[in-house]
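Trainee: Mind having a look at this structure? Questions to follow.
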Amino acid sequence: MNIHEYQAKALFEKFGVPVPKGAAATSLESFKTTLATLPEGATMVKSQIHAGGRGKGTFTNGFKGGVKFCKTKAEAEETAGKMLGNTLVTAQTGPAGRKVQTIYFTVASTIKKEYYLAILLDRATSKPVIVASTEGGVEIEKVAHDTPEKLFKIVIDPAFGLAEYQIRELIFKLGFDATESKNAAKLIRNLYKFYWETDSSMVEINPLITTPEGEVLALDAKVSFDDNALFRHPEIVALRDLNEEDSKEIEASKYSLSYIALDGSIACLVNGAGLAMSTMDIIKHFGGEPANFLDVGGGASKDQVVAAFKIIVGDPNVKGILVNIFGGIMDCNVIATGIVEAVKEVGLKLPLVVRLEGNNVAAGKATLAKSGLTIVSGDSMADAAKKIVKLVSA
Amino acid sequence: MAILISSETKILIQGITGDFGGRHAKLSLDYGTQVVAGVTPGKGGQFFDHAGKKVPIFNSVADAKKATGATVSAIFVPPPFAADAILECVDAGLDLAVAITEGIPIKDMVRVKRAMQGKSTRLIGPNCPGLVTPGTGEGSNGGCRIGIAPGYIHKKGHVGVVSRSGTLTYEAVFQLTTLGIGQSTSVGIGGDPVNGTSHLDIVKMFNDDPDTHGIIMIGEIGGTAEVEAARWLKANCKKPVAGFIAGATAPAGRRMGHAGAIIGGAEDTAESKIAVFKECGIEVAITPSDMADALIRAAKARGVTLS
């Protein structure tokens, strides 16, 4: 689960990770009162959406930049008015962009130097890792590729936590002066505490900055949490912003369906994540484009299939559906009956190819054939994929 | 022979009195697997009845091991308690803990993995279908089935299958069996980013197992575990190997069902993994329908008999 920058920074403050003073507003009317909580002077105006590349983004109304520096609060108020309620397109949002529903105002800090700091899981060691660099405010992938010697990694033993000597090692490598070092140590210590205690899957500060006064501040904050651990963090679940999520994906999650919308025209409905991914791949292999990833899990009950069909037909790009079920334990005939009922209930008009395999498959195929519906049967994944691609392009 | 488990293996099931665990305990008993104990704290002394068999239930893994000689556990307990269940197996000194549970917090697994360092217990999973060593009976009955895989699609033989994904494992096994080619053991290692046993661990075992003549290795986007295994195979394995990587069409930054199936960097993509497979002499299945055929091609090229 992702949260907004302003929410992440509020959590940072709770954990003792210093951030520039700021305040968020969700309506034009509240801009003045929100800005009144900040000191007069240079102010940053930051669009709050769950996507990166905001500064270089463009609004669909032509306004350029989702993050702006303003010399005065009055200018900040005017600038925010051009962002709120408008759609921001960035490199990460896709062409549809995201509607900006919250503006975050912060005091504009004087930057002495920018750094990069992140904590995430190191999959190779199954341990948390701190990644830091003296090159902040730029794409970290580029730093890793061009100047790997400027990227530092500290792997943390989960049994002992982050050790003081590791913090010192990092600080020496980043080259902070005496005052900065003291502040940076505290920030790193507290950021790790935040990462560990909140079940974060990733915390990224880019840039982390020093000021001429020796302060060390998180100028930006990107945080995501482990979905599997949300059950023990109701305070984090409360920060979920449904405006930032695809409505079809929200609907799918109500039926324990794992759904991700894509751009193609052939929808698929599959049991199992690996099989679902490879069903998308095989559609592409035979010349089609998958419209989604959809895993119905182990069961594939009638209710789930109905819900899945409804979500699929809600996507106007979809021209055909491929159902691929390996009913290992589940009776294929039960699944087939569910598919037939679902097609009738939804009133499905689109071409439908079903590939069923596994337990009691002959009876399942017979049920599909007897249904009186135009359901095309596929014998293997390859056969089914070829058939749906042909039907959709016909 | 096979790897990790055989028809002699005695297993216990943690969470046998739950709906999910109970259902699969019955299927394992039907398959002829030696399910000798169940563990549900507070229900010690009761029995799990199925088809004339009475499986004793114990309060702890240690008690169950002591009374029955079970060496392997299948874990079906809910996510908030699953890490604890794994540690209980480690403490009781079981040979193998197989965590079927989906949705265990990653931090819990990070801690479990650290706690297992230097211990004798091996973990498979979590979020995995488990493993099957097929038997000689009808529909491979009489084998050892741990977890949730369909037993009957297997056939006793000489191909080792390893995969992160359950249904893709079944797909590969089914293709092999349909072509009359049996399996030594099929292993689902699970779709989470932190798991107990890697592709590399399993292919090493298949390489050492004289009964395994060929290997199908199935992977996904995310992480670099398949790449590590492929490089090892190139240097150490003479047996024919076929590979498949799911997720060529997956967009970056989106988690594809499995917590571990997410493209984070350049090395995580299907494209880069497939390139390494090819470079390491692994016969790549062009589509998921091609997995068994790919292994047959690899076996022919090396003059190896699979069945």
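Trainee: Of all residues being more than 14 Å from chain B (Cβ to nearest Cβ) and outside any helix (DSSP H, G or I) in segment A:302-322, which is surrounded by the fewest Cβ atoms within 10 Å (Cβ to Cβ)? Just the residue, please.
Mentor: Across segment A:302-322, the extreme among qualifying residues is A:316.
Trainee: Those residues that are loosely packed, with under 13 Cβ neighbours inside 10 Å and either part of a loop (DSSP other than H, G, I, E, B) or out of contact with any strand residue (DSSP E or B) (no Cβ under 8 Å at 6 or more places or on another chain) (or both), I need them from segment A:147-164; list them, please.
Mentor: A:147, A:148, A:149, A:159, A:160, A:163, A:164
Trainee: Out of everything in segment A:323-333 that is buried (at least 19 other Cβ atoms within 10 Å of the Cβ) and either hydroxyl-bearing (Ser, Thr, Tyr) or over 22 Å from residue A:283 (Cα atoms) (or both), what residue ends up being modelled with the lowest pLDDT?
Mentor: Applying the first criterion (buried (at least 19 other Cβ atoms within 10 Å of the Cβ)) to segment A:323-333 yields A:323-328, A:330, A:332-333.
So of that shortlist, the ones also either hydroxyl-bearing (Ser, Thr, Tyr) or over 22 Å from residue A:283 (Cα atoms) (or both) come out as A:328, A:330, A:332-333.
On the way: A:328: 76, A:330: 79, A:332: 87, A:333: 87.
Looking at residues that are buried (at least 19 other Cβ atoms within 10 Å of the Cβ) and either hydroxyl-bearing (Ser, Thr, Tyr) or over 22 Å from residue A:283 (Cα atoms) (or both), I get A:328.
Trainee: Give all pairs with beta carbons closer than 8 Å in which a residue from segment B:60-84 that is within 14 Å of chain A (Cβ to nearest Cβ) meets a residue that is outside any loop (DSSP other than H, G, I, E, B) and of a type in the set (A, V, I, L, M, F, W, C); count only pairs at least 6 apart in sequence or on separate chains.
Mentor: Between residues of segment B:60-84 that are within 14 Å of chain A (Cβ to nearest Cβ) and residues that are outside any loop (DSSP other than H, G, I, E, B) and of a type in the set (A, V, I, L, M, F, W, C), the close pairs are B:76/B:13; B:76/B:20; B:79/A:231; B:80/A:231; B:82/B:75; B:82/B:99; B:83/B:109; B:83/B:112.
Trainee: Could I ask something else about it? Could you list, in sequence order, all residues of segment A:146-205 that are over 30 Å from residue A:233 (Cα atoms), within 14 Å of another protein chain (Cβ to nearest Cβ) and aliphatic (A, V, I, L, M)?
Mentor: If the condition is that a residue be over 30 Å from residue A:233 (Cα atoms), within 14 Å of another protein chain (Cβ to nearest Cβ) and aliphatic (A, V, I, L, M), then A:151 is the only one that fits.
Trainee: Which numbered condition trips up residue B:221, out of (1) at pLDDT 95 or above; (2) touching a strand residue (DSSP E or B) at 6+ places or on another chain (Cβ under 9 Å)?
Mentor: (1)
Trainee: Taking segment A:257-267 as the search range and keeping residues that are in a strand (DSSP E or B) and touching a residue at least 40 places away in the same chain (Cβ under 8 Å), which one is farthest from the other protein chains (Cβ to nearest Cβ)?
Mentor: Result: A:267.
Trainee: Looking at segment B:174-199, which of its residues are surrounded by fewer than 21 Cβ atoms within 10 Å (Cβ to Cβ) and within 13 Å of the chain's Cα centre (by Cα)?
Mentor: The one that is surrounded by fewer than 21 Cβ atoms within 10 Å (Cβ to Cβ) and within 13 Å of the chain's Cα centre (by Cα): B:198.
Trainee: For segment A:19-41, does any single residue satisfy the condition of being of a type outside the set (Lys, Arg), over 18 Å from residue A:79 (Cβ atoms) and surrounded by 14 or more Cβ atoms within 10 Å (Cβ to Cβ)?
Mentor: Residues of segment A:19-41 of a type outside the set (Lys, Arg): A:19-20, A:22-31, A:33-41.
Within this subset, residues satisfying the condition of being over 18 Å from residue A:79 (Cβ atoms) are A:19.
Next, from what is left, pick out any that are surrounded by 14 or more Cβ atoms within 10 Å (Cβ to Cβ): A:19.
Among the residues of segment A:19-41, at least one is of a type outside the set (Lys, Arg), over 18 Å from residue A:79 (Cβ atoms) and surrounded by 14 or more Cβ atoms within 10 Å (Cβ to Cβ), which makes the answer yes.
Trainee: Restricting attention to helices (runs of 4 or more DSSP H) lying wholly within segment A:165-256, give those where 3 or more residues are modelled with pLDDT under 95.
Mentor: Here the list reads A:247-254.
Trainee: While we're here: Going by the conditions given, is residue B:215 touching a residue at least 24 places away in the same chain (Cβ under 8 Å), part of a strand (DSSP E or B), within 30 Å of residue B:121 (Cβ to Cβ) and away from chain A (no Cβ under 14 Å)? Give the derivation first.
Mentor: Working: touching a residue at least 24 places away in the same chain (Cβ under 8 Å): yes; part of a strand (DSSP E or B): yes; within 30 Å of residue B:121 (Cβ to Cβ): yes; away from chain A (no Cβ under 14 Å): yes.
In short, yes.
Trainee: Further question on the same structure: Answer yes or no: is there a residue in segment B:246-257 that is within 13 Å of another protein chain (Cβ to nearest Cβ), at pLDDT 90 or above and in contact with a Phe, Trp or Tyr (Cβ under 6 Å, 6 or more places away or on another chain).
Mentor: No - not one qualifying residue is present in segment B:246-257.
Trainee: Within segment B:32-53, can one find any residue that is within 14 Å of chain A (Cβ to nearest Cβ), surrounded by 24 or more Cβ atoms within 10 Å (Cβ to Cβ), under 20 Å from residue A:329 (Cβ atoms) and in contact with a Gly (Cβ under 9 Å, 6 or more places away or on another chain)? Break it down stepwise before answering.
Mentor: Restricting attention to segment B:32-53, the residues satisfying the condition of being within 14 Å of chain A (Cβ to nearest Cβ) are none.
Checked segment B:32-53: no residue is within 14 Å of chain A (Cβ to nearest Cβ), surrounded by 24 or more Cβ atoms within 10 Å (Cβ to Cβ), under 20 Å from residue A:329 (Cβ atoms) and in contact with a Gly (Cβ under 9 Å, 6 or more places away or on another chain).
Trainee: A follow-up question, please. When you scan segment B:162-178, do you find a residue that is over 20 Å from residue B:233 (Cα atoms) and among the basic types (Lys, Arg), even just one?
Mentor: no
Residues checked against (1) outside any helix (DSSP H, G or I); (2) in contact (Cβ under 8 Å) with a residue 40 or more places away in the chain; (3) of a type outside the set (S, T, N, Q); (4) more than 18 Å from residue B:171 (Cα to Cα):
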| site | (1), (2), (3), (4) |
| --- | --- |
| A:355 | yes, no, yes, no |
| A:363 | no, no, yes, yes |
| A:382 | no, yes, yes, no |
| A:388 | no, yes, yes, yes |
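Trainee: Can you pull out every residue in segment A:282-292 that is surrounded by fewer than 24 Cβ atoms within 10 Å (Cβ to Cβ) and more than 7 Å from chain B (Cβ to nearest Cβ)? It would help to see each step written out before you state the result.
Mentor: Our first condition is that a residue be surrounded by fewer than 24 Cβ atoms within 10 Å (Cβ to Cβ); within segment A:282-292, this holds for A:284-287, A:289.
Those that are surrounded by fewer than 24 Cβ atoms within 10 Å (Cβ to Cβ) and more than 7 Å from chain B (Cβ to nearest Cβ): A:286, A:287, A:289.
Trainee: Can you work out which of the residues in segment A:268-281 that are aliphatic (A, V, I, L, M) and within 19 Å of residue A:328 (Cβ to Cβ) is farthest from the other protein chains (Cβ to nearest Cβ)?
Mentor: Checked segment A:268-281; the qualifying residue farthest from the other protein chains (Cβ to nearest Cβ) is A:269.
Trainee: Just checking, how many residues over segment A:1-59 are in contact with a helix residue (DSSP H, G or I) (Cβ under 8 Å, 6 or more places away or on another chain), closer than 16 Å to residue A:101 by Cα and assigned to a helix (DSSP H, G or I)?
Mentor: Selection size over segment A:1-59: 2.
Trainee: Which condition does residue A:378 not pass, out of (1) crowded, with 16+ Cβ neighbours inside 10 Å; (2) over 22 Å from residue B:171 (Cα atoms); (3) under 36 Å from the mean Cα position of the chain (by Cα); (4) not hydrophobic (A, V, I, L, M, F, W, C), if it passes all the others?
Mentor: The one condition residue A:378 does not meet is (2).
Trainee: Can I ask one more? Among the residues of segment B:109-118 satisfying the criterion of being over 20 Å from the mean Cα position of the chain (by Cα) and either under 21 Å from residue A:232 (Cα atoms) or more than 7 Å from chain A (Cβ to nearest Cβ) (or both), which is surrounded by the fewest Cβ atoms within 10 Å (Cβ to Cβ)?
Mentor: Restricting to residues being over 20 Å from the mean Cα position of the chain (by Cα) and either under 21 Å from residue A:232 (Cα atoms) or more than 7 Å from chain A (Cβ to nearest Cβ) (or both), the top hit is B:118.
Trainee: I need the full set of residues from segment A:126-144 which are crowded, with 16+ Cβ neighbours inside 10 Å, in a loop (DSSP other than H, G, I, E, B) and more than 9 Å from chain B (Cβ to nearest Cβ), in order please.
Mentor: Once the filter is applied, which keeps residues that are crowded, with 16+ Cβ neighbours inside 10 Å, in a loop (DSSP other than H, G, I, E, B) and more than 9 Å from chain B (Cβ to nearest Cβ), segment A:126-144 yields A:134, A:135, A:136, A:137.
Trainee: Among the residues of segment A:166-199, how many are surrounded by fewer than 15 Cβ atoms within 10 Å (Cβ to Cβ) and closer than 23 Å to residue B:107 by Cβ?
Mentor: Residues in segment A:166-199 being surrounded by fewer than 15 Cβ atoms within 10 Å (Cβ to Cβ) and closer than 23 Å to residue B:107 by Cβ: 1 in total.
Trainee: Next question, about the same structure. Within segment A:344-364, how many residues are farther than 28 Å from residue B:130 by Cβ and either surrounded by fewer than 19 Cβ atoms within 10 Å (Cβ to Cβ) or at pLDDT 90 or above (or both)?
Mentor: Of the residues in that region, 9 qualify.
Trainee: Would segment B:228-245 turn up any residue that is surrounded by fewer than 24 Cβ atoms within 10 Å (Cβ to Cβ), in contact with a Leu (Cβ under 7 Å, 6 or more places away or on another chain), not assigned by TED's automatic domain parsing to the domain that holds residue B:100 and not aromatic (Phe, Trp, Tyr)? Spell out how you get there, then give the answer.
Mentor: Taking segment B:228-245 first, the residues surrounded by fewer than 24 Cβ atoms within 10 Å (Cβ to Cβ) are B:228, B:231-232, B:234-239.
Then drop every residue that is not in contact with a Leu (Cβ under 7 Å, 6 or more places away or on another chain), which leaves B:228, B:232.
Now restrict to residues that are not assigned by TED's automatic domain parsing to the domain that holds residue B:100: B:228, B:232.
Subset that is not aromatic (Phe, Trp, Tyr): B:228.
Yes: segment B:228-245 contains one or more residues that are surrounded by fewer than 24 Cβ atoms within 10 Å (Cβ to Cβ), in contact with a Leu (Cβ under 7 Å, 6 or more places away or on another chain), not assigned by TED's automatic domain parsing to the domain that holds residue B:100 and not aromatic (Phe, Trp, Tyr).
Trainee: Determine whether segment B:106-113 contains at least one residue that is part of a loop (DSSP other than H, G, I, E, B) and not assigned by TED's automatic domain parsing to the domain that holds residue B:239.
Mentor: Scanning segment B:106-113 turns up no residue that is part of a loop (DSSP other than H, G, I, E, B) and not assigned by TED's automatic domain parsing to the domain that holds residue B:239.
Trainee: With respect to residue B:268, determine if the residue is under 21 Å from residue B:198 (Cα atoms), more than 8 Å from every other protein chain (Cβ to nearest Cβ) and out of contact with any strand residue (DSSP E or B) (no Cβ under 6 Å at 6 or more places or on another chain).
Mentor: So residue B:268 fits the description; yes.
The values are calculated or read from the model by the stated rules, or taken from the named source; none is laboratory data. Note that the coordinates shown come from a computational prediction; the quantities given were computed from them, not determined experimentally. Note that we place each Cβ from the backbone using ideal geometry, even for glycine, and neighbour counts take in every protein chain shown.
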